[in-house]
Structures are given as structure tokens and as C-alpha cells.
1. Tell me, what HN-Hα J-couplings in whole Hz come from the Karplus equation 6.51 cos²θ - 1.76 cosθ + 1.60 at θ = phi - 60° for each residue of the stretch 84-99, using x for Gly and Pro?
2. Search the structure for amide H atoms under 5 Å from the amide H of residue 234, placed 1.01 Å from N in the peptide plane, and list their residues when 5 or more places away or on another chain.
3. Compute the long axis of helix 164-174 from its Cα atoms, compare it with the longest principal axis of the Cα atoms of the chain, and write down the angle in degrees, 0 to 90, nearest 10.
4. Among 281, 44, what's the order by accessible area (1.4 angstrom probe), most exposed first?
5. So what J values fall out for the stretch 211-220 if you push phi through Karplus, 6.51 cos²θ - 1.76 cosθ + 1.60 with θ = phi - 60°, rounded to Hz, Gly and Pro as x?
6. Where only protein heavy atoms count, and the probe is 1.4 Å, what is the accessible area per residue for the stretch 193-239 in Å²?
7. Which of rounded, prolate, oblate describes the stretch 1-89, given a ≥ b ≥ c as roots of the alpha-carbon gyration tensor eigenvalues and a/c under 1.5 marking rounded, otherwise prolate only if a/b is larger than b/c?
8. Please list the non-local residues whose amide H lies under 5 Å from the amide H of residue 86, H modeled 1.01 Å from N, same-chain partners needing a gap of 5 or more.
Amino acid sequence: MIVATVPDRSDLGQALAGELDATHVELSAKRFPDGEAHVRFEETVEGTAVVVSDLRPDARVVEAMIACDAAREAGADEAVIAAPYLAYARQDQAFEPGEGVSARALLRGLSANADALATVDPHTATVLDHFEGPAAAATAAPEIAGALADADVDVVLAPDEGARDRAGEVASHLGCPHDHLEKRRRSAREVEIEPHGLDVTGERVLLVDDIVATGGTMATATSQLLDAGAEEVLLAATHGIFAEGALKRLRDAGAGRILATDAIEGEVSQLSVAPALARATRRARSG
Ligand code: R5P
């Protein structure tokens, strides 16, 4: 088995290859003068090629598809997409008449090129049903909990009911209780959050979510919890997009430590997503 990455994801590729006891290779990835992607394996491949694929920005999706095709041209029997972050998973239904179901469109497109798909903490588990082949996810909850083992967390909270199970998994590793807040989304940037009758007075609260995008969810929850008497609010997410000044918004809201994995690389992505991506890859291949 080989794990292939574009050059700027070499660190993740090497870590994933280490977890899978595989060989890491760097792809040659270039752009033609017209902007179109060119992807090439520089060596022949035998067996399975695991193609580590960032699916954002959108140009990376095309690159991932071409990389799977290139893997077979180079001799691979199968191509597995290992996507640390499954982009578009939040648009998993038509919320307004006439909207595209973006997650379905993306996963069908990937299915046409990859034999299997592995990812970490997708927004919902059911979104993987749109991939027409074996697809599996794993959670980074053990790694998130491990990184916060010395943080004396009293309670783990999810900012909405949809993230309650994620909070529960982190809490079970930390050996503390968990619960969720009630969230109502007003727009892409604004949410309302209610504390759901919780007493957090004097507590060190860890908020856990799958994605931080604009930070609106976590910032609103942080302010509410601090207003309600929490001693400190720490934040952890698998996928730190941190769009539109989100980190500043979170710090301004009073957040303490902010932690994310390197599923999306950035200022606070201090945790490797490789162990979780390896678990997902093994599952996808055995499924
Ligand atoms: C939505 O349900 C997700 O789990 C996250 O809560 C959401 O994507 C966060 O977005 P933002 O940071 O823009 O509030």
C-alpha cells in the first residue's frame, strides 16, 4: 500500500503512512497555464493507493479525482480517497426549494473515481451513504481528549444537539459528564444559543463541535457560558476552518484554549488527524 499526497500535505501523508505501515509518495501536482490541474505519480504503484485529499478549496476536488485516475495509470489495483475533512457535508439536503444537495453531488463525483472513501468526523454519518462504494469514518475524539487530559475539564458540552454524541465521546475519554446546548441558526453567521437549564457555575467547560466555520456558534456559546458563571471555556473541533476572523471572534468572546486537528491546517491545528484517518481508512478497506 502507498499513501500519496500533494507536496503541501507531505507531513500528514508521512504520518498516515506510518499509522498504516505503508510507504509515502509525493505526487507531482502542477497547473497548466490555463489553470487546469495536472497530477502525476512519479513511480509505479502496486496494490492500493491511498490518496490523501483536501476537498477545499474546490480545485482540490478535481485534483483528488485526477489523482485517483493517475494511481490506476501508475499500476494501482484500487484508489482510496482519504479525506481528512469532508467538505460540503453540511448541505446534505435541499433546505430551500431548488437547492442542490451539495454533499450528494460531491460524493457521487468522488465515487466515479475512487473505489473507497475514508474521512474523519463528517458532519453526519449518513452523508457517506451518497458514496457509491465502501465509505467509512472515524472520530478524532480520543486524540482531542488525550490533548486535554491535563486541562481539568468538569463538563463537556456540545453547542447543539447534533454534536451531543461527539461531546459524549470526548467526555467518556476524559471521565466527566456531558450535555448539549440548544442552538437556533438565524443565518450563515448568526446563531441563538440557550443554556438548556444547565448550571455551569464555577466549572471548566469544554465545548466540542465537528466544525468551526465563522465561529458564530462557539463564540455565542462561549459568551453565554461565561455569563452563566463558567470559570473557563475551552474549545475543541476536529475541523478548524476559522473563516472571516473566527479566531479573533472566539478570543474576543473569552474562549480559553482553542484546539483543532490538522484536518485543516491553521494556527491552532495542534493535533494530528492521522490516527483517526488511519482508523477510517482501515474500515473503508475492510468494508
Ligand atoms: C453545524 O451544525 C456544525 O456542527 C457547526 O456547529 C457549524 O458548522 C459551525 O459553524 P459556525 O462556526 O459558522 O457557527
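1. Ordered by residue, 3J(HN,Hα) equals x, 10, 8, 5, 6, 5, 6, 8, 9, 7, 7, 6, 10, x, x, 6 Hz.
2. Residues meeting the criterion, in which the H sits 1.01 Å from N, are 205, 206, 207, 256.
3. 80 degrees
4. Output order, biggest surface exposure first: 44, 281.
5. Whole-Hz 3J(HN,Hα) from phi for the stretch 211-220: 10, 10, 9, 7, x, x, 5, 5, 5, 5.
6. Per residue, the stretch 193-239 has an accessible area of 32 Å².
7. oblate
8. 120
The values are calculated or read from the model by the stated rules, or taken from the named source; none is laboratory data. Quick caveat, the model's predicted, so the values are computed rather than measured. As a convention, Cβ positions derive from the backbone with ideal geometry for all residues, glycine included, and neighbour counts pool all protein chains shown. SASA here: full protein model, heavy atoms, side chains in, ligands and nucleic acids out. Shrake-Rupley method; radii C 1.70, N 1.55, O 1.52, S 1.80 Å.
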